[in-house]
Amino acid sequence: MSWKNSEHRWGGVSQLLHWLIVLLILGQGTVGLLMVDMLNSPDKIRIYALHKSFGLTILALVALRLLWRLFTGAPRPVPGMPRWQERAAAFTHWLLYALLFAIPLSGWLFNSAAGYPLQWFGLFNLPPLAGKDEALREAAVAAHAWLFWLLVTVALVHAAAAFYHHLFQRDATLARMLPRGWLRTDAIDPVSTPPASTPKDPRDA
Ligand code: HEM
Ligand code: HEM
């Protein structure tokens, strides 16, 4: 498997980061929603601290992922995709990136405006993004929750589009975000597992 993205498929690094971030967001969102209703206790403080540390980790992974994408480019749209779908996919992907940055940053802003210190797994401190400010604290916490629900909505549409492409269009949209050979498609391009007689596309090696 190639680690870099090619013209035809996502490389190992982009795939790994995509699915790792999906899993982390699922865990982070679930913990976030449950922790706010906990009664005050040392456990609640510990869970809040873990939520913040994992959130900062997601922020770093998203930055890494975006840099990697800018460095290795993205595959071309799957052959035969109508222009409007190409545009909708590009718009959705950039919106997802924007939300992946905005959610942890709004959490960090909320923490700063509340005047709390911020540590990463107890190892080092991060600087505040703003001074103590009650109005900003309220706006940031509201933004944190609303942006999360917007991400859930956009990600559901995004995942539905991926399944639609795989099940009904039978193209390589989903297959090329997964390791080679995990999914079979009808695509007549080098993304689907090639028949034994077809030489492997050297551009994807
Ligand atoms: C992608 C990363 C993150 C996701 C998906 C996420 C998600 C959530 C969710 C769903 C809630 C519950 C909101 C509610 O119902 O009121 C929440 C609460 C919270 N989050 Fe995050 N969060 C992330 C990153 C962060 C970061 C980086 C910080 C701080 C540095 C942070 C600090 C907080 C705090 C303090 C609360 C509790 C707010 C309250 O007590 O009302 N989050 N988060
Ligand atoms: C929290 C949930 C998710 C987020 C934040 C997310 C985010 C993203 C982003 C930002 C991209 C664009 C990559 C780039 O241009 O660099 C992408 C691509 C992709 N995602 Fe997701 N995703 C999520 C969940 C899912 C799920 C559940 C599926 C499928 C079941 C999926 C399937 C795909 C596929 C197939 C691509 C590549 C599309 C293409 O090649 O045109 N994603 N995702």
Report task. Mind listing the long-range amide H neighbours of Thr185? Cut-off is under 5 Å, sequence gap 5 or more, other chains count too, H placed in the peptide plane at 1.01 Å from N. Result -> Thr193
Query raised in the report: Once phi is turned into θ = phi - 60°, what whole-Hz ³J(HN,Hα) does the Karplus curve with 6.51, -1.76 and 1.60 give for every residue of region 21-38, x standing for Gly and Pro?
Result: 5, 4, 5, 5, 5, 4, x, 5, x, 4, 4, x, 5, 7, 5, 5, 8, 6
Report task. Compare the Cα positions of Ala143, Val62, Pro127 along the charge dipole of region 27-144 (+1 at Cβ of Lys, Arg; -1 at Cβ of Asp, Glu; about the Cα centre) and return the one farthest towards the positive end. Result -> Val62
**Report entry** Alpha carbon centroid spacing (whole Å) that separates region 97-114 from region 38-83
**Finding:** 12
Query raised in the report: In nm, to one decimal, how far is the Ala162 label point from the Leu23 one, both placed 7 Å along Cα→Cβ?
Result: 1.4
Query raised in the report: If you place +1 on the Cβ of every Lys and Arg and -1 on the Cβ of every Asp and Glu, how big does the dipole about the Cα centre of the chain come out, in debye to the nearest 20?
Result: 440
Query raised in the report: What distance in nm separates the simple spin-label points at Leu150 and Ala130, each placed 7 Å from Cα in the Cβ direction?
Result: 1.6
Query raised in the report: Which residue fluctuates the most in the chain, going by a Gaussian network model with Cα springs under 10 Å, if the choices are Arg65, Arg87, Arg184?
Result: Arg87
Query raised in the report: Using a simple spin-label model with points 7 Å from Cα along the Cα→Cβ vector, what separation in nm is obtained for Trp120 and Met35?
Result: 1.7
**Report entry** Fully extended contour minus Cα-Cα distance, from Ile47 to Leu70, at 0.36 nm per residue
**Finding:** 4.8 nm
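No value in this document is a laboratory result; all are computed from the given coordinates. What you are looking at is a predicted structure, and each value in this text was computed from that prediction instead of being measured. All Cβ positions, glycine included, derive from the backbone under ideal geometry; neighbour counts span all protein chains shown.
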